[in-house]
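The next block holds one structure in the form of C-alpha cells; read it before the comments.
Derivation of every value follows stated rules applied to the coordinates shown; laboratory data play no part. If you're wondering where the values come from, they're calculated on a predicted model, not measured in any experiment. Cβ sites come from the backbone with ideal geometry, for glycine too, and all protein chains shown count toward neighbours.
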Amino acid sequence: MKLGLVIDLDVCVGCHGCAVACKQWNTSGTTGPLTDTDAYGAEPSGVWFNRIRSYEVGDYPHNKTVHFPMSCMHCEDAACVTVCPTGASWKRQEDGIVLVDQDKCMGCNLCSWACPYGARELDPASGTMKKCTLCIDRIYDERLPVEERQPACVLTCPAHARHFGDFDDPESDVSRLTRERSGYALMPEMGYKPTNKYLPPRQKRTVDTSDVARGGVRDKLKAWVNRVVAR
Ligand code: SF4
Ligand code: SF4
Ligand code: SF4
C-alpha cells in the first residue's frame with residue numbers, strides 16, 4: 001500500500017478548517033500535545049502539521065487566488081529518514097507512512113533541514129520533532145465506523161478538497177483523481193518522490209459583461225425609458 005492525500009487546489013477556499021481539525025485531533029493523538037506558545041501575545045508560535053499558504057497568481061484579468069495546504073508528503077525516498085542519526089524518523093514498509101518515534105528523537109533538527117517541504121515541526125515543549133502522521137490513529141481504528149476511518153483534515157474539509165487513499169490501487173479515489181485531473185507531485189525534480197498529489201487550479205473563466213454580450217440590454221432599456229418619458 002502507498003497511502004497519501006490528494007489536495008484539490010481548484011476548490012480549496014483557504015478556510016484553515018483542515019489545519020484546525022488536524023491540530024485538534026493530533027494534540028491528543030500519538031505525538032501530541034501540539035504546543036502553542038504566546039498564543040494570544042505579540043509573538044505567537046505553535047506546532048501545526050498542516051499549514052495553508054495563499055498566493056495571488058497570474059495577471060489581471062486572469063489573476064486568481066490559490067490556497068496551498070501543505071503537510072508531510074510521505075515521500076518514497078524520504079530525506080528526513082535518511083539523515084536521522086537516531087533512527088527516530090522511519091517509513092513504514094506496509095503503507096508508506098513516515099513517522100517519528102518520540103522516544104528516540106533527540107530534537108537535533110537535521111530532518112527539518114533536510115525536508116524540502118517544510119513539513120517538520122520541532123516542538124519546543126517536548127524537545128522532539130513532530131509531523132503529520134496521516135492520522136494513523138484514526139485510519140486503522142476499527143472502533144470507528146468505516147466512513148470515519150479517514151484523516152481528520154479530510155473529514156472536516158467543507159469544500160471536499162482533500163482525499164485520502166491508496167496510490168497503489170489504480171481504482172482508488174486518489175489514483176483516479178490524479179489520473180483524470182492531471183494531478184502532480186510538488187517539486188518532483190528534488191527526487192524524493194512525494195506520495196501526496198495536488199490537482200491544479202483550473203483556468204479562471206472570463207465573463208464578458210459588455211452590453212453586446214448581454215444582448216444590448218442597456219440600449220433596450222434606454223429606448224424604453226425614452227418612450228415612456230415621451231408619452
Ligand atoms: S515531506 Fe519532509 S518530513 Fe515528509 S517524508 Fe518528505 S522529507 Fe520527510
Ligand atoms: S493527515 Fe492527519 S496529521 Fe496529516 S495533515 Fe491531515 S489531519 Fe493532520
Ligand atoms: S479545509 Fe479544505 S477548503 Fe479549507 S483550507 Fe483545508 S483544504 Fe482548503
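Summary of values
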read-out: The stretch 3-227 - percent relative contact order, Cα under 8 Å, separation 6 or more; value: 27 percent
read-out: Cα centre as origin, Lys/Arg/Asp/Glu Cβ charges: the stretch 3-227 dipole, Debye; value: 1120 debye
read-out: Rg in Å to one decimal, and Dmax rounded to a whole Å, for the chain via C-alpha atoms; value: 23.3, 92
read-out: Derived scalar couplings ³J(HN,Hα) [the stretch 87-96; Karplus, 6.51 cos²θ - 1.76 cosθ + 1.60; whole Hz; x for Gly, Pro]; value: x, 5, 7, 8, 10, 6, 5, 6, 9, x
read-out: Extension gain from Leu221 to Arg51, taking 0.36 nm per residue of separation minus the Cα-Cα distance; value: 56.1 nm
read-out: Cα-based helix-to-principal-axis angle, 217-230 vs the chain, degrees rounded to 10; value: 40 degrees
